[in-house]
Amino acid sequence: MQDRKNSDSKREDRRKREEKNMDLNMDNLQKALGMDKLQEAVAPGEMNISLQKTVEQAVIEDIIVLNAGRKNKLEIPAGYEKVGGDLNEGAGGDYIYFAVKRGTDASKAISGLAVVSGKNDKVSAPAGFQRIDMDLNKGAGGRYIYLCIRRGTQDVIHDVKVVTASKANPPAPEGYTMIPQDLNEKAGGKYIYLCYC
């Protein structure tokens with residue numbers, strides 16, 4: 001029991017550190033979108049307008065689920081960035097994370113996200129969606145929960161966030177839509193939701 005409390009305490013400390021580092025400031029966003037190489041000759045006003053247009057055009061080209069195992073040995077593929085904290089926070093099990101690939105090519109964009117839950121691993125994706133075969137509750141018990149994606153050029157997704165709360169159904173961040181499925185369902189731990197805009 002003491003080991004679990006220590007593990008939860010360590011996860012909470014790690015989550016707080018990750019939250020500090022998660023927010024992209026303007027410089028990091030410019031770098032992520034390849035705008036850090038712009039010449040200094042661009043007038044500051046033009047740079048802000050250009051950056052704003054690029055942010056509006058940025059899309060999520062891919063989202064993957066990463067399993068860092070019980071020892072939290074996370075390897076993020078090149079071109080991807082981790083989003084949010086451990087999806088099994090407070091529930092034990094494997095350390096599971098979302099990672100996204102950002103870009104500006106709407107033809108490669110994700111246009112829909114869904115989360116499905118079931119009593120076994122046979123749960124199917126909704127029509128038109130592809131299920132990512134990684135149980136978001138892996139090793140933590142509870143329901144089998146999977147992320148599903150749809151690709152398309154209509155209603156593309158520009159950003160995703162993971163919301164962690166101590167109570168069910170917290171409010172979504174402003175401008176975001178929350179998928180109403182707790183990613184820790186029946187596993188205990190924190191209430192965790194995926195949001196997108």
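Can you name the residue in segment 148-197 that is more than 16 Å from residue 135 (Cα to Cα), touching a strand residue (DSSP E or B) at 6+ places or on another chain (Cβ under 8 Å) and of a type in the set (Asp, Glu) and is also surrounded by the fewest Cβ atoms within 10 Å (Cβ to Cβ) among such residues? Here the residue is 155.
Please determine, by comparing only the residues of segment 58-79 that are of a type in the set (Asp, Glu) and assigned to a strand (DSSP E or B), which one is nearest to the chain's Cα centre (by Cα). Among them, the one singled out is 62. Regarding segment 120-134, can at least one residue be identified that is touching a His at 6+ places or on another chain (Cβ under 9 Å), closer than 18 Å to residue 64 by Cα, surrounded by 15 or more Cβ atoms within 10 Å (Cβ to Cβ) and of a type outside the set (Lys, Arg)? Within segment 120-134, not a single residue is touching a His at 6+ places or on another chain (Cβ under 9 Å), closer than 18 Å to residue 64 by Cα, surrounded by 15 or more Cβ atoms within 10 Å (Cβ to Cβ) and of a type outside the set (Lys, Arg). Among the candidates 24, 51, 29, the residue that is assigned to a loop (DSSP other than H, G, I, E, B) and at pLDDT below 90 is uniquely 24.
When segment 117-170 is filtered for residues that are under 26 Å from residue 57 (Cα atoms) and part of a loop (DSSP other than H, G, I, E, B), the ones remaining, listed by number, are 128, 129, 132, 152, 153, 154, 155, 156, 157, 158, 159.
The values are calculated or read from the model by the stated rules, or taken from the named source; none is laboratory data. Here the structure is a predicted model, which is why all the values come from computation and not from measurement. No Cβ is skipped: glycine too gets one built from the backbone with ideal geometry, and neighbour counts run over all protein chains shown.
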